[in-house]
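The values are calculated or read from the model by the stated rules, or taken from the named source; none is laboratory data. Since the model is a prediction, treat every value here as computed from it, not as a measurement. FYI the Cβ positions are ideal-geometry reconstructions off the backbone, even for glycines, and counts take in every protein chain you see.
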Amino acid sequence: MKLQHAVRAIVIGSMVATWGAGSAFADQKKGAAPKMDAAGEAAMMAEMMKMAAPGPEHKVLEASVGRWKTVSKSYEGPGDPKVSEGTADYEPILGGRFILSRYHGSMMGMPFEGFSIMGYDRTTKTYEGYWTDTMSTAIFPMSKGTWDDASKTLTFNVDWPNPVAAGTVPYKLVTKYNGNDAMVFTMSTSNEGKAVPMMEVSYSRVK
């Protein structure tokens, strides 16, 4: 624990020094004397710690913490979707700043595993994260996510690599929280302006 604190102190100290040097350089270009007094350092440190602490937006993600049973519907072509079952575990990490999820199930008749890290960036004021799984060697970023409190939904609009050709494909990812013990994730794409469902995963909490 002492080592972790020491490392963090070094990192923060370096950031303060870098910021101070940058400010001093800017002041020199303007012809002003470089300055970064103790009060300025303290104010900057306080602001950094404020932005680094979890806020009310992180409470949204806490609703997913726990173990879940899942039922997935995959729309892989014409006809009825393929249905499979699985499990998912969500846990807070780094003092509640992020949520780590691990999913186990099947996809296209094969064992399937994936995980994600999700958080809220207080500087950009958006939800951020990424997903990766055993169906690809890519890391799929999720950025600029928004929360709608009225409908209890978390939404991402992403452009991910096309799995069969060059370029990217637009996807809409929506997680809807239905109380404390259920949530539904949907993924869709678009074709000529019309939404095309790709996947739906229903979660029920294991008690």
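State the number of residues belonging to the range 171-207 that are part of a strand (DSSP E or B), over 20 Å from the mean Cα position of the chain (by Cα) and surrounded by fewer than 17 Cβ atoms within 10 Å (Cβ to Cβ).
8
Residues Gly77, Gly96: which one is within 15 Å of the chain's Cα centre (by Cα) and not in a strand (DSSP E or B)? Please lay out each step first, then the result.
Numbers: Gly77 fails: within 15 Å of the chain's Cα centre (by Cα).
Testing whether each residue is within 15 Å of the chain's Cα centre (by Cα) and not in a strand (DSSP E or B) leaves just Gly96.
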Single condition Met44 does not satisfy, out of (1) surrounded by 15 or more Cβ atoms within 10 Å (Cβ to Cβ); (2) modelled with pLDDT under 80; (3) touching a helix residue (DSSP H, G or I) at 6+ places or on another chain (Cβ under 8 Å): (2)
Could you list all residues from the range 154-170 that are surrounded by fewer than 17 Cβ atoms within 10 Å (Cβ to Cβ) and over 14 Å from the mean Cα position of the chain (by Cα)? Asp159, Pro161, Asn162, Pro163, Val164, Ala165, Ala166, Gly167, Thr168, Val169, Pro170
When the residues of the range 121-139 are narrowed to those that are assigned to a strand (DSSP E or B) and out of contact with any Pro (no Cβ under 9 Å at 6 or more places or on another chain), which ends up farthest from Ala53 (Cα to Cα)? Asp133
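Out of all the residues in the range 97-133, which are surrounded by fewer than 13 Cβ atoms within 10 Å (Cβ to Cβ) and of a type in the set (Val, Ile, Thr)? Working first, answer last.
Here is the first cut: in the range 97-133, the residues surrounded by fewer than 13 Cβ atoms within 10 Å (Cβ to Cβ) are 108-111, 123-125.
Thr123, Thr124, listed by residue number.
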Using beta carbons and a limit of 7 Å, which pairs, at least six apart or on different chains, have the first residue in the range 187-207 and touching a residue at least 12 places away in the same chain (Cβ under 8 Å) and the second one among the basic types (Lys, Arg) and assigned to a strand (DSSP E or B)? Ser188/Lys172; Met199/Lys73; Glu200/Lys73; Ser204/Lys69; Val206/Arg67; Val206/Lys69
Every residue in the range 140-154 that is part of a strand (DSSP E or B) and within 18 Å of Ala182 (Cβ to Cβ), please. Trp147, Asp148, Thr153, Leu154
